[in-house]
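Here is the structure we will look at.
The values are calculated or read from the model by the stated rules, or taken from the named source; none is laboratory data. Just so we're clear, the structure is a prediction, and the values are computed from it rather than from any experiment. Neighbour counts run over all protein chains shown; Cβ positions are idealised from the backbone, glycine included. Accessible surface is based on the protein model in full, side chains and every heavy atom, while ligands, DNA and RNA are left aside. Shrake-Rupley method; radii C 1.70, N 1.55, O 1.52, S 1.80 Å.
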There are 2 protein chains.
Amino acid sequence: MNALGSHILAEYYDCDISILNNLELLKQYMHEAAIKSGATIVGSTFHQYNPHGVSGVIVIAESHMAMHTWPEYGYAAVDFFTCGERVDPWKAFDYMNKKLKSAKNSKKELKRGLIEAESQKLLEVPL
Amino acid sequence: MNALGSHILAEYYDCDISILNNLELLKQYMHEAAIKSGATIVGSTFHQYNPHGVSGVIVIAESHMAMHTWPEYGYAAVDFFTCGERVDPWKAFDYMNKKLKSAKNSKKELKRGLIEAESQKLLEVPL
(Lines give C-alpha, C1' and ligand atoms only; values in the text may rest on other atoms or scores of the structure.)
Protein backbone atom coordinates (compact mmCIF):
# COMPACT_ATOMS: atom_id res chain seq x y z
CA MET A 1 0.00 0.00 0.00
CA ASN A 2 1.29 3.41 -0.96
CA ALA A 3 -0.10 6.62 0.55
CA LEU A 4 -0.91 9.62 -1.63
CA GLY A 5 -0.73 12.09 1.22
CA SER A 6 0.41 12.76 4.75
CA HIS A 7 -1.80 14.58 7.24
CA ILE A 8 -0.49 16.05 10.47
CA LEU A 9 -3.20 17.02 12.96
CA ALA A 10 -1.70 19.36 15.53
CA GLU A 11 -3.17 20.58 18.79
CA TYR A 12 -1.35 23.63 20.16
CA TYR A 13 -2.23 24.34 23.79
CA ASP A 14 -1.24 27.18 26.12
CA CYS A 15 -0.60 29.60 23.25
CA ASP A 16 -0.26 33.38 23.37
CA ILE A 17 -3.92 34.46 23.52
CA SER A 18 -3.43 37.79 21.77
CA ILE A 19 -1.85 36.03 18.77
CA LEU A 20 -4.75 33.54 18.60
CA ASN A 21 -7.15 36.41 18.06
CA ASN A 22 -5.10 38.36 15.49
CA LEU A 23 -6.26 37.41 11.98
CA GLU A 24 -3.59 39.37 10.11
CA LEU A 25 -0.76 37.88 12.15
CA LEU A 26 -2.13 34.31 11.91
CA LYS A 27 -2.58 34.69 8.15
CA GLN A 28 1.01 35.87 7.84
CA TYR A 29 2.34 33.02 10.02
CA MET A 30 0.37 30.35 8.17
CA HIS A 31 1.60 31.66 4.80
CA GLU A 32 5.18 31.72 6.11
CA ALA A 33 4.76 28.19 7.52
CA ALA A 34 3.53 26.93 4.14
CA ILE A 35 6.48 28.51 2.36
CA LYS A 36 8.97 27.16 4.92
CA SER A 37 7.64 23.64 4.33
CA GLY A 38 8.37 24.02 0.62
CA ALA A 39 4.69 24.24 -0.40
CA THR A 40 3.26 26.34 -3.23
CA ILE A 41 0.30 28.51 -2.15
CA VAL A 42 -2.60 28.62 -4.60
CA GLY A 43 -5.34 30.25 -2.51
CA SER A 44 -6.42 31.14 1.01
CA THR A 45 -9.39 32.32 3.03
CA PHE A 46 -9.40 33.58 6.63
CA HIS A 47 -12.26 34.61 8.88
CA GLN A 48 -12.46 36.48 12.19
CA TYR A 49 -15.19 35.45 14.60
CA ASN A 50 -17.10 37.66 16.97
CA PRO A 51 -16.28 38.03 19.86
CA HIS A 52 -13.02 36.10 19.21
CA GLY A 53 -11.42 33.23 17.31
CA VAL A 54 -10.00 32.90 13.82
CA SER A 55 -10.40 30.24 11.12
CA GLY A 56 -8.20 30.13 8.07
CA VAL A 57 -7.29 27.75 5.30
CA ILE A 58 -4.49 27.86 2.77
CA VAL A 59 -4.88 25.69 -0.31
CA ILE A 60 -1.44 24.59 -1.50
CA ALA A 61 -0.53 22.77 -4.69
CA GLU A 62 0.30 19.87 -2.36
CA SER A 63 -3.13 19.85 -0.50
CA HIS A 64 -3.91 22.26 2.37
CA MET A 65 -3.09 23.78 5.74
CA ALA A 66 -5.96 24.82 8.03
CA MET A 67 -6.23 26.58 11.38
CA HIS A 68 -8.93 27.22 13.97
CA THR A 69 -8.27 29.12 17.17
CA TRP A 70 -10.11 29.21 20.49
CA PRO A 71 -8.38 32.11 22.28
CA GLU A 72 -10.62 31.57 25.31
CA TYR A 73 -8.90 28.19 25.81
CA GLY A 74 -5.45 29.28 24.60
CA TYR A 75 -5.83 26.57 21.94
CA ALA A 76 -5.35 26.23 18.18
CA ALA A 77 -6.09 23.22 15.94
CA VAL A 78 -3.85 23.19 12.89
CA ASP A 79 -3.80 20.70 10.01
CA PHE A 80 -0.91 20.17 7.62
CA PHE A 81 -2.07 17.95 4.76
CA THR A 82 0.60 17.50 2.10
CA CYS A 83 1.47 15.19 -0.74
CA GLY A 84 4.71 14.55 -2.57
CA GLU A 85 8.28 14.23 -1.34
CA ARG A 86 9.25 17.83 -1.93
CA VAL A 87 7.32 19.29 1.02
CA ASP A 88 8.26 18.82 4.69
CA PRO A 89 5.11 19.53 6.74
CA TRP A 90 7.06 19.18 10.00
CA LYS A 91 8.86 22.43 9.20
CA ALA A 92 5.45 24.13 9.09
CA PHE A 93 4.45 22.38 12.33
CA ASP A 94 7.61 23.62 14.12
CA TYR A 95 7.22 27.13 12.75
CA MET A 96 3.61 27.44 13.98
CA ASN A 97 4.55 25.97 17.35
CA LYS A 98 7.13 28.72 17.78
CA LYS A 99 4.96 31.54 16.42
CA LEU A 100 1.92 30.65 18.55
CA LYS A 101 4.25 30.43 21.59
CA SER A 102 2.61 27.13 22.50
CA ALA A 103 3.77 25.64 25.81
CA LYS A 104 2.28 22.20 25.09
CA ASN A 105 1.24 20.38 21.95
CA SER A 106 0.13 17.01 20.70
CA LYS A 107 0.13 15.72 17.15
CA LYS A 108 -0.86 12.77 15.01
CA GLU A 109 0.37 11.94 11.53
CA LEU A 110 -2.04 9.97 9.37
CA LYS A 111 -1.54 8.59 5.89
CA ARG A 112 -4.25 9.56 3.38
CA GLY A 113 -5.25 7.71 0.22
CA LEU A 114 -3.89 4.20 0.61
CA ILE A 115 -3.68 2.87 -2.91
CA GLU A 116 -3.34 -0.87 -3.35
CA ALA A 117 -0.55 -2.09 -5.57
CA GLU A 118 -2.94 -3.71 -8.06
CA SER A 119 -4.83 -0.46 -8.58
CA GLN A 120 -1.75 1.64 -9.08
CA LYS A 121 -2.22 1.55 -12.81
CA LEU A 122 -3.40 5.08 -13.55
CA LEU A 123 -6.96 5.48 -14.80
CA GLU A 124 -7.67 7.35 -18.00
CA VAL A 125 -9.01 10.78 -17.02
CA PRO A 126 -11.22 12.45 -19.63
CA LEU A 127 -10.05 16.05 -20.16
CA MET B 1 -11.72 15.77 29.03
CA ASN B 2 -14.09 17.59 26.72
CA ALA B 3 -13.40 17.96 22.98
CA LEU B 4 -13.89 21.28 21.22
CA GLY B 5 -14.27 19.71 17.79
CA SER B 6 -14.91 16.55 15.82
CA HIS B 7 -12.88 15.74 12.71
CA ILE B 8 -13.96 13.11 10.19
CA LEU B 9 -11.24 12.09 7.73
CA ALA B 10 -12.87 10.32 4.80
CA GLU B 11 -11.24 8.38 1.98
CA TYR B 12 -13.58 7.87 -0.98
CA TYR B 13 -12.31 5.22 -3.39
CA ASP B 14 -13.65 4.03 -6.75
CA CYS B 15 -15.43 7.31 -7.44
CA ASP B 16 -16.83 8.60 -10.73
CA ILE B 17 -13.68 9.94 -12.42
CA SER B 18 -15.40 12.64 -14.45
CA ILE B 19 -16.92 14.11 -11.25
CA LEU B 20 -13.51 14.11 -9.52
CA ASN B 21 -12.18 16.41 -12.22
CA ASN B 22 -15.12 18.83 -12.39
CA LEU B 23 -14.40 21.85 -10.19
CA GLU B 24 -17.80 23.49 -10.57
CA LEU B 25 -19.68 20.31 -9.69
CA LEU B 26 -17.41 19.52 -6.71
CA LYS B 27 -17.76 23.07 -5.42
CA GLN B 28 -21.55 22.77 -5.67
CA TYR B 29 -21.58 19.37 -3.93
CA MET B 30 -19.30 20.52 -1.11
CA HIS B 31 -21.43 23.61 -0.51
CA GLU B 32 -24.57 21.47 -0.49
CA ALA B 33 -22.91 18.96 1.88
CA ALA B 34 -22.00 21.77 4.28
CA ILE B 35 -25.56 23.11 4.24
CA LYS B 36 -27.05 19.62 4.71
CA SER B 37 -24.90 19.13 7.81
CA GLY B 38 -26.35 22.31 9.28
CA ALA B 39 -23.14 24.35 8.90
CA THR B 40 -22.91 28.06 8.09
CA ILE B 41 -20.56 28.82 5.18
CA VAL B 42 -18.29 31.83 5.68
CA GLY B 43 -15.82 31.42 2.79
CA SER B 44 -14.43 29.01 0.23
CA THR B 45 -11.60 28.56 -2.24
CA PHE B 46 -11.31 25.90 -4.98
CA HIS B 47 -8.50 25.16 -7.40
CA GLN B 48 -8.26 23.07 -10.59
CA TYR B 49 -4.95 21.36 -11.25
CA ASN B 50 -3.35 20.69 -14.60
CA PRO B 51 -3.71 18.10 -16.08
CA HIS B 52 -6.33 16.95 -13.54
CA GLY B 53 -7.39 17.01 -9.89
CA VAL B 54 -9.24 19.53 -7.75
CA SER B 55 -8.60 20.98 -4.27
CA GLY B 56 -11.19 22.95 -2.40
CA VAL B 57 -11.86 24.17 1.09
CA ILE B 58 -14.97 25.64 2.65
CA VAL B 59 -14.55 27.58 5.87
CA ILE B 60 -17.67 27.21 7.99
CA ALA B 61 -18.59 29.02 11.20
CA GLU B 62 -18.11 25.58 12.83
CA SER B 63 -14.54 24.96 11.40
CA HIS B 64 -13.99 23.62 7.82
CA MET B 65 -14.58 21.04 5.13
CA ALA B 66 -11.78 20.26 2.66
CA MET B 67 -11.44 18.09 -0.44
CA HIS B 68 -8.60 16.86 -2.65
CA THR B 69 -9.19 14.63 -5.65
CA TRP B 70 -6.90 12.28 -7.55
CA PRO B 71 -9.03 11.38 -10.61
CA GLU B 72 -6.22 9.16 -11.89
CA TYR B 73 -6.78 6.90 -8.87
CA GLY B 74 -10.56 7.39 -8.65
CA TYR B 75 -9.89 8.76 -5.16
CA ALA B 76 -10.92 11.76 -3.05
CA ALA B 77 -9.77 12.74 0.45
CA VAL B 78 -12.42 14.77 2.26
CA ASP B 79 -12.27 16.29 5.76
CA PHE B 80 -15.26 17.35 7.82
CA PHE B 81 -14.06 19.30 10.84
CA THR B 82 -16.91 20.69 12.92
CA CYS B 83 -17.59 22.02 16.39
CA GLY B 84 -20.78 22.42 18.36
CA GLU B 85 -23.80 20.20 18.71
CA ARG B 86 -25.89 21.86 16.00
CA VAL B 87 -23.95 20.40 13.04
CA ASP B 88 -24.02 16.74 11.97
CA PRO B 89 -20.90 16.13 9.84
CA TRP B 90 -22.05 12.58 9.03
CA LYS B 91 -24.82 14.05 6.89
CA ALA B 92 -22.13 15.79 4.83
CA PHE B 93 -20.10 12.55 4.71
CA ASP B 94 -23.10 10.56 3.39
CA TYR B 95 -23.99 13.25 0.88
CA MET B 96 -20.46 13.36 -0.60
CA ASN B 97 -20.31 9.55 -0.67
CA LYS B 98 -23.45 9.53 -2.81
CA LYS B 99 -22.48 12.45 -5.04
CA LEU B 100 -18.97 11.10 -5.79
CA LYS B 101 -20.54 7.70 -6.55
CA SER B 102 -17.89 6.08 -4.36
CA ALA B 103 -17.98 2.26 -4.36
CA LYS B 104 -15.69 1.97 -1.32
CA ASN B 105 -14.78 4.29 1.53
CA SER B 106 -13.00 4.38 4.84
CA LYS B 107 -13.27 6.97 7.56
CA LYS B 108 -11.87 7.95 10.93
CA GLU B 109 -13.39 10.32 13.47
CA LEU B 110 -10.97 12.14 15.74
CA LYS B 111 -11.67 14.48 18.61
CA ARG B 112 -9.85 17.82 18.41
CA GLY B 113 -8.93 20.14 21.26
CA LEU B 114 -9.13 18.03 24.39
CA ILE B 115 -9.59 20.52 27.17
CA GLU B 116 -8.91 19.32 30.69
CA ALA B 117 -11.58 19.98 33.27
CA GLU B 118 -9.30 22.20 35.37
CA SER B 119 -8.55 24.47 32.42
CA GLN B 120 -12.14 24.86 31.37
CA LYS B 121 -12.35 28.21 33.10
CA LEU B 122 -12.38 30.58 30.12
CA LEU B 123 -9.40 32.85 29.71
CA GLU B 124 -9.82 36.59 29.39
CA VAL B 125 -9.37 37.48 25.72
CA PRO B 126 -8.23 41.07 25.06
CA LEU B 127 -10.46 42.63 22.34
Relative to chain B, whose Cα atoms define the longest principal axis, helix B:23-37 and its Cα axis are tilted in degrees, nearest 10, by 40 degrees
For the protein assembly as shown, the accessible surface attributable to carbon and sulfur atoms (probe 1.4 angstrom, ligands and nucleic acids excluded) amounts in percent to 50 percent
Partner shielding of B:91-102, as the mean number of partner chain Cβ atoms within 10 Å, equals 0
Taking every residue of B:58-66, the Cβ atoms of other protein chains inside 10 Å of its Cβ average out to 5
Per-residue average of other protein chain Cβ atoms inside 10 Å, peptide B:4-17 -> 3
Counting Lys and Arg as +1 and Asp and Glu as -1 over every other residue whose Cβ sits under 15 Å from the Cβ of A:S44, the net charge comes to -3
Taking every other residue with Cβ under 9 Å from the Cβ of A:K101 and scoring Lys and Arg +1, Asp and Glu -1, one gets 0
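For segment B:66-107, state the average projected area of the convex hull of the C-alpha atoms over all orientations, rounded to one decimal in nm².
3.1 nm²
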Once Lys and Arg are counted +1 and Asp and Glu -1 for all other residues with Cβ under 14 Å from that of B:S63, the total becomes -4
Log entry: pair-distance distribution for the protein assembly as shown, C-alpha pairs binned every 5 Å from zero, whole % per bin is 1, 6, 15, 18, 21, 17, 11, 6, 3, 1, 0, 0
Answer in debye to the nearest 20: the dipole magnitude of the protein assembly as shown about its Cα centre, from +1 Lys/Arg and -1 Asp/Glu charges placed on Cβ, is 20 debye
For B:D94, the accessible surface traced by a 1.4 Å probe with all protein chains present amounts, in square angstrom to the nearest 10, to 90 Å²
Quick calc, chain B, dipole around Cα centre from Cβ unit charges on Lys, Arg (+) and Asp, Glu (-), nearest 20 debye, gives 220 debye
Distances in nm between the label point of A:G84 (7 Å along Cα→Cβ) and its equivalents in the other copies, shortest first, are 3.6
Helix A:89-99: inclination vs chain A longest Cα principal axis, degrees, rounded to 10, gives 0 degrees
Taking alpha-carbon centroids only, segment A:52-123 lies from segment B:5-59 a number of Å equal to 18 Å
Cα extents of segment B:36-89 along the principal axes, largest first, in whole Å, come to 39, 19, 14
Of every Cα-Cα pair in segment B:1-118, the percentage lying beyond 22 Å is 30 percent
For B:M1, inter-copy label-point distances (7 Å, Cα→Cβ), nm, shortest first, read 2.4
Here the correct list, in nm and shortest first, of distances from B:K101 to the same site in the other copies, label points 7 Å along Cα→Cβ, is 5.4
